[in-house]
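First the structure, in the form of structure tokens, and then the observations on it.
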Amino acid sequence: MGSVARRQGLRLACLVVIVASLHPVGAQNEDGAANQKKARATLDAMVTALGGQRWLTLTSTMQQGRTSGFYQGKPTGMTAEFYEIQKFPDQTRVELGKKRDVVEIISGDHSWEVTYKGKKELPPDQIQDIIRRRNHSIPTAMRVWLSDPRTVLIYGGQSLVERHLADTTTLINSENDSITIQTDAETHLPLRRSWQWRDPLYKDKNTDAEEYDDYHLVDGLPTAYTITRYHNGDMTNQRFLYHAGYDIPLTPDMFDPDQAAAKIKK
């Protein structure tokens, strides 16, 4: 996958150079403005399809279902029931197992696993993965990235995502970080999002992605009931939802690992 991505990137860079040499500066500016306008319209259509202002101002979400792990695209045999609550912008609680007696709590840049043995911090690489996924989520892209005037929008045309014709839009922030979102050309709902990050040890670039399918209306909002995660093209996780909810009531201790540990039976 890496060599293919590099070749595609080289071809894109060559195309940009050729196009730039054939167009006067004024024409390039007009083309860039039109492209950015198209990108913005595509993202606006996605937000409208997801629920508009109500979706943009959600304070919390709930998901309940089954999660399965994969390694190099093959099932690991790890399957678990899960119950997850997210409170925007940066708090998450995940309860695993039928008895929901394994709890993961993410609050800001800190993450803990809580069991009957007590609490412990998650490994640093797992914490960084959680933070990257949160910082490159679609709600973060629309609430934070899009509101920053320094963010650049690029419309990348149409392609196929799991047999669906999709519009591709990339957001690039002031730190040269990017999120690519592909939306259904007909419904405008998200089909896929992806982002890249550099491995701190090997220095090569990795690509993470999530794909969304099987949308259901939940409290009037379209909700993907199948979520599939990829790392460098290999499937790593798949979620199938049973239930979902929005703006649910939360107790003050919902994201307190000490309170969670006290409630788990030893």
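Mind checking which lysines have their C-alpha under 29 Å from Lys265, skipping anything on the same chain fewer than 8 residues away?
Hits, sequence-local ones excluded: Lys87, Lys98, Lys99, Lys117, Lys119, Lys120.
Could you give the size of the charge dipole of the chain about its Cα centre, using +1 on the Cβ of each K and R and -1 on the Cβ of each D and E, expressed in debye and rounded to the nearest 20?
On the way: 33 positive and 34 negative charges, 94 e Å.
The calculated dipole for the chain is roughly 460 debye.
Are there trypsin sites (Lys or Arg not before Pro) in segment 202-261 that DSSP marks as loop and that have at most 13 other Cβ atoms within 10 Å, and which are they?
Filter output for segment 202-261: Lys203.
Which of Arg133, Arg192, Arg54 ends up with the largest GNM mean-square fluctuation for the chain, with Cα atoms connected below 10 Å?
Looking only at Arg133, Arg192, Arg54, the biggest GNM fluctuation is shown by Arg54.
Using bins 10 angstrom wide from zero, how does P(r) for the chain break down, in % of all Cα pairs?
In whole percents, the pair-distance histogram is 6, 25, 35, 22, 8, 3, 1, 0.
So which GluC sites (Glu not before Pro) in segment 53-111 end up in coil per DSSP with only 13 or fewer other C-beta atoms within 10 Å?
Qualifying residues, ordered by number: none.
Between Leu201, Leu221, Leu56, find the one with the highest GNM mean-square fluctuation for the chain; connect C-alpha pairs within less than 10 Å.
Result for the chain, Cα springs under 10 Å: Leu201 fluctuates most.
For the chain, the longest stretch holding no chymotrypsin sites (Phe, Trp or Tyr not before Pro) located in a DSSP loop with at most 10 other Cβ atoms within 10 Å is which? Walk me through the numbers before you get to the answer.
Values: sites that count: Tyr116, Tyr202.
Longest run free of exposed loop sites: 1-115.
Okay, helix-only estimate at 222 nm for the chain: each DSSP H run of n ≥ 4 adds -39500 (n - 2.57), divide by all residues, round to 500 deg cm²/dmol; what do you get?
Values: 5 runs with 71 residues, N = 266.
Mean residue ellipticity, 222 nm, calculated: -8500 deg cm²/dmol.
Just check segment 179-264 against the gyration tensor rule for me: Cα atoms, a ≥ b ≥ c as the square roots of the eigenvalues, rounded for a/c under 1.5, and otherwise prolate or oblate depending on whether a/b exceeds b/c.
Details: a/c = 2.46, a/b = 1.17, b/c = 2.10.
Verdict is oblate for segment 179-264.
Report, in order of residue number, the helices in the chain meeting two criteria: a C-alpha extent of 18 Å or more along the helix axis, and a mean Kyte-Doolittle hydropathy of at least 0.0; treat each whole DSSP H run as one helix. The partial results should precede the final answer.
Values: long enough: 2-22 (30 Å, 1.19); 25-50 (38 Å, -0.33).
Within the chain the helices that satisfy the rule are 2-22.
Can you tell me how much longer the chain between Gln259 and Tyr202 gets when fully stretched, taken as 0.36 nm per residue apart minus their C-alpha distance, in nm with one decimal? Mind showing how you got there, number by number?
Numbers: separation 57, 0.36 × 57 = 20.52 nm, distance 3.91 nm.
Answer, rounded to one decimal: 16.6 nm.
Read-outs throughout are calculated quantities, based only on the coordinates presented, and are distinct from any laboratory measurement. Worth saying up front: this structure is predicted, and the values here are computed from it rather than measured. Note that each Cβ is placed from the backbone with ideal geometry, even for glycine, and that neighbours are counted across all protein chains shown.
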